[in-house]
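What follows is a short report on a single structure.
Read-outs throughout are calculated quantities, based only on the coordinates presented, and are distinct from any laboratory measurement. Model, not experiment: these values are computed from the prediction. Positions of Cβ are backbone-derived with ideal geometry, glycine not excepted, and every protein chain shown enters the neighbour counts.
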Amino acid sequence: MKKSSLLFYLLISLCFVSCKTENSVSNEVWLKGKLINWGNASKVLSAQNLEADFGLGKDIIIKTNQDNEFDIRFELNEPTYYSLGRNKLYLSPGDELQLEVDYKDPEVAVFNGTNAAWQVYLAGVAFPKSGSYLEGGRNLKSEDVAETVALAQSKTEERKEQLQALQTSSEFKALEEMRLKLDYLNTLLSMPVYGSFKDYWEYSEVKKAEILARIKDDLNVMSQGLMKNEYMKHPNFRDMLHELVAANLKEVGIFTHLEFTPFMAEYDEMGAFVTQLELNGLTNEMQVQAKEFLAADHALDYKEMVNAKLKEYAALKAGEPAFDVLFKNALGEEKPLSDFKGQLTYVDLWATWCGPCIAELPAFEQLKEDYKDKPVHFVPVSIDTDLEAWQKYLEKHDLPKDKEYLINRLDLSDYKVITIPRYLLLDKDFNIVTVFATVPSDPETRKIIDQYLEISE
């Protein structure tokens, strides 16, 4: 580490010691540190608790100075997992922590302070979306399933030794021991799809079940005792719930002993409702579903969450005022969305890494050409975090830099942008027509644009 960084952390440590009060029992968490290589990524400490799965987590916005340093304090009532960039943290009431986190490489993060060793351990966790120990397929060397089992066993033992060496709370240790089981299982469950990428076989759900049936004993032994409500505190467990009860796996003798608890079943039903709400908005059908959910025998916590979601999405109904947000074009010039007031406005939220977004860009450009003499704005807004990749894409495709815009995804929170592509349609008075507009290639898009242009004439 550079001398300046060492001095920075020494000063922080001294500050922490001098600033402690005599009464050390507190629900306040104090974090100080530095964010590195953040680009246009959201500077937010994201809660990974159950409520966060439904868009109701209490995220902490991080404001940095010109040197990308920050100092934040917030109240926390119970130990909670968080994500900061690609790093995972486990924070408890009263924690005081100094950290330096690199967006591009979670394993080089530096931690000092309360339970710093826990955070260092978490910096080395496997990524489930990369097949855990398969690391995006890099560690899959052959079609021999026994080799993958051996890999999962070896990595699990290695991580278990690291975990056992820590002085941790009983809850953290139990949750992380459970994570080791999940990473073992996910490594094996991901093998069929990554094997297809290497042309070991053609992928299908039938082929997946056939391959995994050969190692069903390994999968069943490792999954014993998994379905406990207390594990719902762990984000990885919630992410794998459906895989653990998949019907196609049960048909070949895998996970036949695993079933949802009533609490998990409620979580699943709540998740299905929220997913449809996030995709389609507060349609009449969704309002009926919400009414039925609230009338059913569900836990009060879930009913309160449904009511909170209804309140959020009610602000996005047709006729409601649009939320103003601030873009920057590729030349660095700021442009508020409200500047487009006076004409119908169709906003395309996209990114260079989003395949479906890229597929729709030719249709979007055709709309711009076909309506160039009409009172309608077509506004492309990227949420890219890699600014260099965005600029290169614009140059490669000869797109006008003064009319191509960028925004931090966090600044779109009022519009509940969970996935992209996403399209907004606003009328000339800056009111919402729909914030779940159809894609440019859909004929319905032209129909609704023509309809509102006729109204405004």
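Of all beta bridges DSSP finds with both residues in segment 326-456, what is the antiparallel percent, to the nearest 5?
Numbers: 12 of 21 bridges.
In segment 326-456, DSSP labels about 55 percent of beta bridges as antiparallel.
For PRO380, what is the net charge nearby, where nearby means another residue's Cβ is under 11 Å from its Cβ and Lys, Arg count +1, Asp, Glu -1? Numbers along the way, then the final one.
Working: positive: LYS368, LYS403; negative: ASP348, GLU360, GLU365, GLU404.
Computed value for this residue: -2.
Once you put a point 7 Å from the Cα of HIS257 and another 7 Å from the Cα of ILE36, both along the Cβ direction, what distance in nm separates them?
According to this spin-label approximation, the distance is 4.5 nm.
Restricting the calculation to Cα positions, tell me the Rg (one decimal) and the Dmax (whole number) of segment 185-241 in Å.
Cα only, segment 185-241: 13.4, 40 Å (Rg, Dmax).
Would you mind computing, in nm to one decimal, how far apart the modelled labels at GLN153 and LYS311 are, each placed 7 Å from Cα along Cα→Cβ?
For the pair GLN153/LYS311, the computed spacing is 5.4 nm.
Of the listed pairs LYS32/LYS228; LYS43/LYS104; LYS328/LYS396; LYS228/LYS416; LYS88/LYS309, which have alpha-carbon separations greater than 24 Å here? Walk me through the numbers on the way to the answer.
On the way: LYS32/LYS228 35 Å; LYS43/LYS104 14 Å; LYS328/LYS396 20 Å; LYS228/LYS416 31 Å; LYS88/LYS309 26 Å.
Cα-Cα > 24 Å for LYS32/LYS228; LYS228/LYS416; LYS88/LYS309; rest within.
What is the spread of the Cα atoms of segment 326-456 along each of their three principal axes, largest first, in whole Å?
The Cα atoms of segment 326-456 stretch 41, 27, 26 Å along their principal axes.
What is the set of long-range amide H partners of THR352 at a cut-off below 5 Å, with H atoms built 1.01 Å from backbone N?
ASP384
Express in whole angstrom the spacing between the alpha-carbon centres of segment 151-215 and segment 357-428.
So the two Cα centres are separated by 39 Å.
Give the percent of DSSP beta bridges with both residues in the chain that are antiparallel, rounded to the nearest 5. Intermediate values should be presented prior to the final figure.
On the way: 34 of 50 bridges.
Of the beta bridges lying entirely in the chain, close to 70 percent run antiparallel.
For the chain, how big is the tail of P(r) above 41 Å, as a whole percent of Cα pairs?
On the way: 28535 of 104196 pairs.
So the pairs more than 41 Å apart make up 27 percent of the total in the chain.
Name the residues whose placed amide hydrogens come within less than 5 Å of the amide hydrogen of ASN87, ignoring near sequence neighbours (fewer than 5 apart) on the same chain.
So ASN87 has HN proximity to no qualifying residue.
Using the reciprocal of the averaged 1/r over all distinct C-alpha pairs, how large is the Kirkwood radius of segment 82-130 in Å? Can you show the working numbers first?
Numbers: mean 1/r = 0.0908 Å⁻¹.
Answer for segment 82-130: a Kirkwood hydrodynamic radius of 11.0 Å.
Once the convex hull of the alpha carbons of segment 115-263 is built, what does its volume come to per residue, in cubic angstrom?
Details: hull volume 15.5 nm³, N = 149.
Looking at segment 115-263, the number lands at 104 Å³ per residue.
Which semi-axes, in whole Å and largest first, does the equivalent ellipsoid of segment 203-291 have when worked out from the alpha carbon gyration tensor as the square roots of 5 times its eigenvalues? Walk me through the numbers before you get to the answer.
On the way: eigenvalues 179, 58, 20 Å².
Equivalent ellipsoid of segment 203-291: 30, 17, 10 Å, largest first.
Calculated FRET efficiency, VAL120 and SER26, Cβ-Cβ r, R0 30 Å, to nearest 0.05?
Numbers: r = 24 Å, r/R0 = 0.79.
After rounding, the FRET efficiency stands at 0.80.
If each of ASP370 and THR64 carries a label point 7 Å out from its Cα toward its Cβ, how far apart are those two points in nm?
Label at ASP370, label at THR64, 4.3 nm between them.
Please list 3J(HN,Hα) in residue order for segment 158-171, calculated via the Karplus relation 6.51 cos²θ - 1.76 cosθ + 1.60 where θ = phi - 60°; whole Hz, with x for glycine and proline.
Each residue's phi maps through the Karplus curve to give 4, 5, 5, 4, 5, 5, 5, 6, 7, 8, 10, 6, 5, 5 Hz.
Counting only residues 5 or more places away or on other chains, whose amide H sits under 5 Å from the amide H of ASN431 once H atoms are built in the peptide plane?
For ASN431, the qualifying residues are ALA322.
Can you run the Rg to Rh ratio on segment 290-392? Use alpha carbon positions and the Kirkwood inverse-distance Rh. Could you put the intermediate results ahead of the total?
Values: Rg = 18.9 Å, Rh = 17.1 Å.
Expressed as Rg/Rh, it is 1.11.
For the peptides 440-451, 30-41, 244-255, what is the packing order when you average, over each peptide's residues, the other Cβ atoms within 10 Å and list the highest mean first?
Values: 440-451: 14.3, 30-41: 18.8, 244-255: 16.8.
The most tightly packed comes first, giving 30-41, 244-255, 440-451.
How much length, in nm to one decimal, is gained on full extension between GLU320 and GLU395, taken as 0.36 nm per residue of separation minus their Cα-Cα distance? Let's see the in-between values first.
On the way: separation 75, 0.36 × 75 = 27.00 nm, distance 3.69 nm.
Extra length from GLU320 to GLU395 when fully extended: 23.3 nm.
Starting from a Cα-only point model with no solvent, please compute log10 I(q)/I(0) by Debye for segment 263-314 at q = 0.23, 0.26, 0.28, 0.31 1/Å.
Rounded to two decimals, the profile gives -0.83, -1.06, -1.22, -1.44.
Any aspartates and glutamates with Cα under 14 Å of the LYS303 Cα? List them, leaving off those in the same chain fewer than 8 positions away.
GLU51, GLU266, ASP268, GLU269, GLU292
Expected output is a single nm value to one decimal: the length gained when fully extending between LEU294 and GLU454, i.e. 0.36 nm times separation in residues minus the C-alpha distance. What is it? Present the calculation step by step, with values, prior to reporting the outcome.
Numbers: separation 160, 0.36 × 160 = 57.60 nm, distance 4.04 nm.
Taking LEU294 through GLU454 to full extension adds about 53.6 nm, to one decimal.
With charges set only on the Cβ (+1 for Lys and Arg, -1 for Asp and Glu), what does the dipole of the chain come to about its Cα centre, in debye to the nearest 20?
On the way: 51 positive and 75 negative charges, 169 e Å.
For this selection, approximately 820 debye.
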